[in-house]
1. Quick check on segment B:200-250: of everything there that is of a type in the set (A, V, I, L, M, F, W, C) and without any contact (Cβ under 8 Å) to a residue 40 or more places away in the chain, which residue is farthest from B:V138 (Cα to Cα)?
2. Test each condition in (1) within 21 Å of B:I72 (Cα to Cα); (2) more than 14 Å from chain C (Cβ to nearest Cβ); (3) crowded, with 20+ Cβ neighbours inside 10 Å for B:T240 and report the one that comes out false.
3. Yes or no: C:L174 within 14 Å of chain A (Cβ to nearest Cβ) and under 16 Å from C:L271 (Cα atoms)?
4. C:A324 is checked against (1) within 14 Å of chain B (Cβ to nearest Cβ); (2) of a type outside the set (S, T, Y); (3) surrounded by 20 or more Cβ atoms within 10 Å (Cβ to Cβ) and fails just one. What number does that condition carry?
5. Among the residues of segment C:348-384, write down those that are within 30 Å of A:K35 (Cα to Cα) and charged (D, E, K, R).
6. With (1) buried (at least 16 other Cβ atoms within 10 Å of the Cβ); (2) β-branched (V, I, T); (3) under 23 Å from the mean Cα position of the chain (by Cα) as the list, and A:V177 as the residue in question, which single condition is left unmet?
7. With the requirement that a residue be closer than 30 Å to C:G43 by Cβ and surrounded by 15 or more Cβ atoms within 10 Å (Cβ to Cβ), what does segment C:408-431 give you?
8. In segment A:50-148, which strands (runs of 3 or more DSSP E) lie fully inside it and hold 2 or more residues that are not charged (D, E, K, R)?
Amino acid sequence: MNLRAPGLLLLLATLSCGEHSDGLERLEALYPTPKPKTEEERPIDDIGTPMCNGLDGNWAVRLVQKGTIEPLGQPWDLTVTDLFLASKSQAGTEMQLRFCNQDVAILADGKRTTLGQPETPATLKSALYLHPLRVPLPGDGTFAARDVVWLWGLEGLANPLTDALPTKADYQGDARVIDQDNDSFPGVTVNVLSPSGQRYMVRRGIFTFEPGRLALSNQWLTGVLVHQLTEHALGASNTTLETAAPITPRAEGTMYQLRCVGSTYTCASLEKDHAALFKDAPR
Amino acid sequence: MKSVPVLVFVLLVSASAFAQETAPPPEKPQEAPAEKPVEKAAPKPSAQEILKKMEALNNGFADQKMEIRLSIIEGDGSRKSYDMTLLQKGDSKRLVHFTSGELKGMSTLVESRDSVHVYLPGFKKVRRVAAHNMNQSVAGSDLSSEDMAQVSWATDWNLKLDKEDDSSYWLLLTPKQPGGSYTRVVHRVAKDSFVQQETHYYNAAGEEVKRFINSDVTDFHGVKRSKLITVSDPRTKRRTEMELKDFVVNQGLKDSLFTVRELQWGK
Amino acid sequence: MSRTALALGLFAAGLARADWTDMISLSGRLESDIRFDIDDYRGEKPGDGFRFSINRNDAIVHAEIKPFDNVVGVLDARLRFYGFNEANSLPALADRNKVDPFSVQLDQAYVAVKGVPFSWLDIKGGRMQLTWGSADIFNQVDFANSRDFYDPMDYARKVPNEMLGVDLYPAPWLTISAVWIPVFKPAMLPPSTSLAFGIDRDTNGCLQGFPAPPLEPSQTRELMGLFSSVDPCSLNFSTPEVRLFMPQNGIADSQVAVKAQFSFDNLEFGLHYYRGRFGFPVAYNAVAHANVSTDDPTKVDVRYIAEVLYPRIQVAGFDFSYSAEWLADIGIVGEIAVIFPEEVTFGLRAYQGNTRLYEASATNVASTPFVKATVGLDYTFTKWLYVNVMYLRGFFDEFNDRYGVHNYAVATAELKFLNDALLVRLAGILNIDDLSNVANPQLTWVAAPGVEVLAGAFIFGGSTVPTDPFEYAARSKFGQRAAGRSFAYLKMRLTF
């Protein structure tokens, strides 16, 4: 038996450990860095002292509207969330929803995109706040309503449910179109994140509030929402924004949610905290 | 830190120290020879012949096994003893096991003067022994490793018959190569049996520095050997006695016993 | 395994058929060992006091059981009594184990079979302590067993481990040995090791400093800066907790060592290969948690948790021993190991509550290969004077981490008197890089055959304070307190 000297030399020549132990990776395994909290997990502002009795009281309202748009030919998921503070009218015949903010999330192929995502400028929020969305009540203590129309930049429609909305081509001289946010542009102005710019537009929302369920605690009122949204651009700071993609409603996940809050609760708090505020809402 | 080399005593116990009381010596290894008187009428042998016969008596067996007690006796009579077992194959390979004292467990293998290995139980390893260690004392005795490694005088020493008397030849040996511890060695060999009776070692100054006296010839399983070897430095009052407790020859010891493999196996 | 089973079977059969007293050879030692600390500044804090540090008695038995000529079972067992009372309550005084604590240690327990199934093959299996390499003690190619450094006086000791081995003797001049060690066992360390992570406090208990982690000095400055604005007396640093990040006991974590040993007239040399882990740990990560004390809001409790690991390595080694006839027969030995390590990145974090205040990482062990080596000469000048000198590149525990591989000179002189009844040994190690050192003068008296009385001292020299508080490698090798305290000792030993 002879020593395989060439084999040994070959072995030595190919020696290499090639392993790596990373102390930071180990620390990360031992002490995981907390993931950034979701909106739902963030602490929320004080909601004051909620005092609701039936539909009486002060409510934070969220209208979650699911839909689909196809700006580039492929369907993108759209979620429009309108936030309001609400209370019954003095006469008790309607629930008045005062607009606080609108949050729009667009998912392209499952990923969030800012392409075409609008934001509501403060001037528009103020303007919409002054003209509450009025939801008539059945009068029997329940909450339900059909074909509630909510107009942006429009007034005086003869048949609010069915009239065609003005377009860029024909809005000139149309008295129904108003500068609701007083910014010298027709209709209302929304900011678009990408491509960045402003769109001047009119908008109609038609909502049907299916009968709501009032929680035993009287802290929640929730129900199915049926919606139809129509937007027409009247102009834009960037011509690419002048085309508003049609929104196809989806029933799944479309709902309304009301949470009883104190009288001191503000739009600013709701705007910031709505995800967490409504995370425990009954389904 | 542990002492590193302190235990590297090389014990090369030479069978020549225990001169055999049998005659005539065989030319080749053989069974234990029977005692036989020397014929007086034989022609006077040469120095080379005397030495050859003496060494044949010492080493002329296929193998040997000795149980030895090494005792160091101080001038005041105090004594300390160590036991060891020596195995020898032919006239060169030896394996020595210390079986008592602070060196117990240590084993030494001598394959040649250039190949000496020692097993150190404290370190559980076999270590090669460098030649410079050969002048170390063996367990503080009067024996050095160099003394005891000496097997065949014929190879490295010049030889002449210095004198003779009625009972003995006196062989004078001088080293062929300078540098050793001794400049002159004298053997006294019995005329009738060619048994090595005494050996005297001299340094460069001409002083006798060591003396071996063989005595108490005893029959060990049919082979006669000196039971007692007294080693002394005439300049001191102390002495070392090597007592042969047992001695057997031709036990069929295998060559494989005298290997490093054996030295470290099962330790 | 089947060969081990065969050997065990043969062994059992031998026991059954023969008179066991013929098969067993016993030897051993009785040792008593008393040590007294002779410095007062190298302990956990200055002024710890002079005291007995060891007061133990060992009974050591070595048994070789040979049921057949080619089969042996080897047993090395140690019964150790520590000599210090551990009872700290009245009920504990009824417990002999507390009042007089002891342990039983099994250093070796293995079976070896020679020449089976081939004449040129020996096999062995069980609990073993192997030593490979030509040099004395400072073996750089020796990886099969980790070192047992619990006792700084006994650097030669190994942590026993279970292994399977073969020795092949294909030619008289060649021996090939291979061992497989299924499970990794780390080196044992002296109790003082924890001081490597020790916090320096002044006599009022106020923080003076803490050891620099293996980071870039600039990173360490940043880290220490976190505490600079805090009153050092308000920081309650608890004793650092150092945890071991041990390998899994999978097949991939087992170790293999192979050597080919060549033997010629006055030259022996060996080629070595090892794949496994380094037996001494290197720093892996650390985390500091600082929180306002619940007991005293003016104080900050700081908890420091570190992890160390045993880096994976491959080693190519060479050793030799040579007797130089042309140079007065001087003995020359040498060993060189080229170590191919895994890369280790040290990570550190500091938290206040759940808030991460600081995070840093730095390469502690680069993946580039490095060398450890030993070269030694020894010579017997006279019957009474023996000298051994060695140069070391890399002490036992040194790895190419941020502390680095250092250079050492080792010298031992042994002088014998009174016909070897009295041995004076002067031994010392000098770190050539930082000049720290350890000296070990010892007197051995062989009172009777097999009876030795030893007296000596083990003295550390060098600065206990790092030359740069921000530099991991600024601690002196033997000066740092983690090396242990200097002591004097008295031993008695009976070998039987």
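1. Taking segment B:200-250 first, the residues of a type in the set (A, V, I, L, M, F, W, C) are B:204-205, B:209, B:212-213, B:217, B:220, B:223, B:228-229, B:231, B:242, B:244, B:247-249.
The next check asks that each one be without any contact (Cβ under 8 Å) to a residue 40 or more places away in the chain; those that pass are B:204-205, B:209, B:213, B:220, B:228.
Working: B:A204: 23, B:A205: 24, B:V209: 16, B:I213: 18, B:F220: 26, B:L228: 17 Å.
Looking at residues that are of a type in the set (A, V, I, L, M, F, W, C) and without any contact (Cβ under 8 Å) to a residue 40 or more places away in the chain, I get B:F220.
2. B:T240 satisfies all of (1) within 21 Å of B:I72 (Cα to Cα); (2) more than 14 Å from chain C (Cβ to nearest Cβ); (3) crowded, with 20+ Cβ neighbours inside 10 Å except (2).
3. Here the answer is yes, as C:L174 does meet what is asked.
4. Going through (1) within 14 Å of chain B (Cβ to nearest Cβ); (2) of a type outside the set (S, T, Y); (3) surrounded by 20 or more Cβ atoms within 10 Å (Cβ to Cβ) one by one, C:A324 breaks only (3).
5. Once the filter is applied, which keeps residues that are within 30 Å of A:K35 (Cα to Cα) and charged (D, E, K, R), segment C:348-384 yields C:R349, C:R356, C:E359.
6. (3)
7. Within segment C:408-431, C:Y408, C:V410, C:T412, C:V424, C:R425, C:L426, C:A427, C:G428, C:I429, C:L430, C:N431 meet the criteria.
8. A:58-69, A:76-88, A:94-108, A:133-136
The values are calculated or read from the model by the stated rules, or taken from the named source; none is laboratory data. It should be emphasised that the depicted structure is a prediction, and the values quoted were computed from it without experimental measurement. Backbone-built Cβ (ideal geometry, glycine too); neighbour counts: all protein chains shown.
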